[in-house]
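Please see the structure below; I have some questions.
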Amino acid sequence: MKNNPRNAGAPSGTPAPPPAQDGKIRNKRQMATPVSPAEPPPTTPLSGPLAGPLDAPPQTPPLAEPPRTTPLAEPLAEPPRMTPLAEPLAELSPTTPFAAPLPASPLLDDHRLTAHILAGLERDPGFDLGILAEELNAQYPIEDPADQALAELILERLQRPVWEAGVVLRLQPQHRRAILDALAAAIAAPAVPAAPAAPATIGSFSDRMEAILQEAQGRHDAAAQTVRRHGPDDLARLPLTAKRDLLRDLVGGQVRDPGEADLALLYAAIDLEPGFAAADAEMRREARELLRDRLRHEVRQWARIDDGVRLDLLNRALSLHGSALGMTGAPPALVLVPKADEQTGSCGNYDFVTGAILLNPRSSLWNDIDEVFNTVIHENTHHYQMWLAAQLTPEQVMTSEDQRHLQAALFALNKRGYLQPSAGLGGYMSQPVERHAFLAGDEVMGLWLKDAREEGAAMLATLLATPHEAAPLYAARLAEVLESTSVSGIFASIDRARDFLARLPGGQAVKQLQDLEHHPGGNVILDARRRQLLEEAAEPRDPGALTAAIARLRSEYDDRRPGPPTK
């Protein structure tokens, strides 16, 4: 958070605490996902990929001189708790059997109330304790006036620590375990104001949150000094785990923003993890083959189809790309967001908040098939990066032994310390998420260039053999564009030549048969029949029978069209 005044008794750099509630917590907003009062929901990861195994251990010293570094003994796996409990947080679940009967209301049971609060904070750091209290009271009415008074005292006592925990979780998600453990300890303290431990526990919780923020800022400052002290060559020689630790500490100092110059220097020294890079290159190769083979016919029609059909084609591309990368779940949504071309340097971008790919149909690049697929694969690679980062949470399956683990951590940290192009193209292009995405997107440029040139060469031969005074003009134009690398330009020139030939006697039948040349439902038998009909179309004896034969052939091609990939 930026430039917020320090509040007395609250963590520095945080917003002012909520106003007094006159002994009661009131409903201030509607929760995005209501908590079921009967049973707290299963613990879910924090919003964003930095929760869980990215927790920074409490006393890891900053890096000293290279090559002597201080990587974690077990980086990003199970760091020690800063305020350990007698039992892990998972054991606070209400599904754990209790020896004594459960009280009627979870508000009067430390374990059950803790489970509700921790689950709510993990789902949303802006969790509202007042809404939870109202839902629990509706489900478990408290009839005894003494118990009602005790529940109000408990809620009043917990209002501030729950709010502080949410603020620090937003600022320092990598300290998730320490924050929630400290909050669980504060909840477990006696609720009676006269008890000596109560004020001390609440006060110590605020001090602990303040200490987390101060420690994070200290780590940030030490990491920034290390990056500035060592030149690019020294940074490049550091182990990748040491660079990850530097990045973790740089982006962790979110009491004020991490320095863009420091991040740019560090990003320039970070390459893809070798094991990840090798496996990723093979998956990208498989993705390109799927895209080229499965979408050849649809891509050929790009200039002739409207935006709705184009979106259908691009959604198929996302499914093919995602299946090659091993992603599970639905692909990101494609959303058309028309903008003036000068407002965007490309025809789309990825929204890291919603996980959607935004495309601009007014861009001058929207009709260039190479540029569109470059954009879509680039942005879907960002979706893949965030999917990998989400596997780092304790509830997921990726362990530190997984060769993708280190790279996923770098992607997650990069998202927190993302550099916009305004910070300088060098830093923007070299950061891990963009370096990886540009690599994937650029590789699909010219994916159908070989097909376009082969089809163009066949059309050029047809034009040169056509006895018409305008044929040489179309042939010259096509020959010129065949020297370029523009797939869209070659296809457009072929289409103009086909339209010219279609206006000649018998030309319409020839054009229909030529359109079937790259149909995805083709096989050896159908292609042989298509060539036979092409010969008949040159001098048709029965135009009606030829038209019917072409219609039957197209129907057979369509029946063999492959469906979407299965996962």
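The values are calculated or read from the model by the stated rules, or taken from the named source; none is laboratory data. Quick caveat, the model's predicted, so the values are computed rather than measured. Backbone-built Cβ (ideal geometry, glycine too); neighbour counts: all protein chains shown. Protein only, heavy atoms only, side chains kept; ligands, DNA and RNA dropped before computing areas. Shrake-Rupley method; radii C 1.70, N 1.55, O 1.52, S 1.80 Å.
Of all the accessible heavy-atom surface of the stretch 319-378, with the other protein chains kept in place and a 1.4 Å probe, what percent is carbon and sulfur?
Summing carbon and sulfur atoms, their accessible area is 51 percent of the total for the stretch 319-378.
Right, here's the next one. Going from most exposed to least, what order do PHE276, PHE352 have by accessible area with a 1.4 Å probe?
Putting PHE276, PHE352 in descending order of accessible area: PHE352, PHE276.
Taking the Cα-to-Cβ direction at VAL524 and at THR399 and moving 7 Å from each Cα, how far apart do the two end points lie in nm?
4.9
7 Å from Cα along Cα→Cβ at both PHE352 and ALA211: what's the point-to-point distance in nm?
Inter-label distance under the simple model: 3.1 nm.
Under the 0.36 nm per residue contour assumption, what length would be gained going from the current alpha-carbon distance of ALA470 and ARG304 to full extension?
Extending this stretch completely gives an extra 57.4 nm.
Sticking with this one: Taking the Cβ-Cβ separation of ALA149 and TYR418 as r and a Förster radius of 56 Å, what is the calculated FRET efficiency to the nearest 0.05?
Computed FRET efficiency for ALA149 and TYR418: 0.70.
Only four residue types carry charge here, +1 at the Cβ of Lys and Arg and -1 at the Cβ of Asp and Glu. Report the dipole size of the stretch 426-534 about the Cα centre in Debye, rounded to the nearest 20.
Approximately 360 debye in magnitude.
Could I ask something else about it? Does the stretch 449-501 classify as rounded, prolate or oblate by the C-alpha gyration tensor (a ≥ b ≥ c root eigenvalues; a/c under 1.5 gives rounded; else a/b over b/c gives prolate, otherwise oblate)?
prolate
Further question on the same structure: Under 14 Å Cα-Cα from LYS450, which aspartates and glutamates qualify once same-chain neighbours fewer than 8 residues away are excluded?
GLU289, ASP293, ASP370, GLU483
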